[in-house]
1. For I94, tell me the accessible area in Å² from a 1.4 Å probe, rounded to the nearest 10.
2. Determine the share of the chain's accessible area contributed by carbon and sulfur atoms, expressed in whole percent, with a 1.4 angstrom probe.
3. Can you figure out the FRET efficiency of S60 with A154, using R₀ = 30 Å and their beta-carbon distance, to the nearest 0.05?
4. For W30 and A161, compute 0.36 nm times the residue count separating them, minus their Cα-Cα distance, and round to one decimal in nm.
5. Determine by what factor the alpha-carbon radius of gyration of the stretch 135-182 differs from 2.2 N^0.38 Å, reporting the quotient.
6. Quick one: Karplus J couplings for the stretch 136-148, per residue in order, coefficients 6.51, -1.76, 1.60, θ = phi - 60°, nearest Hz, x for Gly and Pro?
7. Please work out the average accessible area per residue across the stretch 32-169, using the 1.4 Å probe convention, and give it in Å².
8. Mind grabbing the base-10 log of I(q)/I(0) for the stretch 8-47 at q = 0.35, 0.36 Å⁻¹? Debye formula, identical points on the C-alpha positions, no solvent, two decimal places.
Amino acid sequence: MAGGGKQVSQQLRPVREGLLVGIVTVAFGWGLGIAFGGAEDYLKGGLEASAETSLALYLSKSGGDEAAARASMAATVDKAWNYYQRAHLHAGAIGSVVIGLCLALAHVDGRRGLRRIASLLLGFGALGYSSFWMLAARRAPGLASTGAAKESLAWLATPSAGALVFGLALALGLLVASLYRNGSREGGGGGLAPRS
């Protein structure tokens, strides 16, 4: 049994960082879900308070019309709340996929460095992209614009999304190459390591 545990540990070594960050991403998503359940009013109140501190900005954008400014403020807060939900959903979904891909990559023969790169890209892309939506939610009411909030966080969104795309492409390439290369040599044995 101890030998089997050591073998699993060795298989996971090339993908351990990406796997751990994927698990952290899922935990982040769950944490947001728990916060929604236990402190939804507090979170929404924080968004509204942030918008109130920028009332002058809303008034400026609406040409001094307070009713229009208040309507714009409410719409921005609603959309910011939607961004919170996107952060929760992206973290859970993308984080889970990253965990699955990292576990699959652990069974790929050879190419240790490429597996590590793929897992790192996937893990940090998942956490970064989910965090982007949460940060955009928090920033939007104070900027009186969800578009401005997203634009101010392009430094996080663009590399995170890119990391996910490149990580997925690399993982897919490694998995397909391993499955078909080994399958043709071993008569369908696939890329999975034999179990003892």
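1. About 40 Å², ignoring ligands and nucleic acids.
2. 66
3. 0.80
4. Contour length minus Cα-Cα distance gives 45.1 nm.
5. 1.83
6. Each residue of the stretch 136-148 in turn: 5, 4, 6, 8, 4, x, x, 8, 6, 6, 6, x, 5 Hz.
7. Per-residue accessible area for the stretch 32-169 comes out at 48 Å².
8. Taking Cα atoms of the stretch 8-47 as identical point scatterers yields -1.01, -1.03.
The values are calculated or read from the model by the stated rules, or taken from the named source; none is laboratory data. Values in this document were obtained by computation on a predicted structure and should not be read as measured data. Reconstructed Cβ throughout: ideal geometry from the backbone, glycine too, with neighbour counts over all protein chains shown. The accessibility values were calculated without ligands, DNA or RNA, using every heavy atom of the protein model including side chains. Shrake-Rupley method; radii C 1.70, N 1.55, O 1.52, S 1.80 Å.
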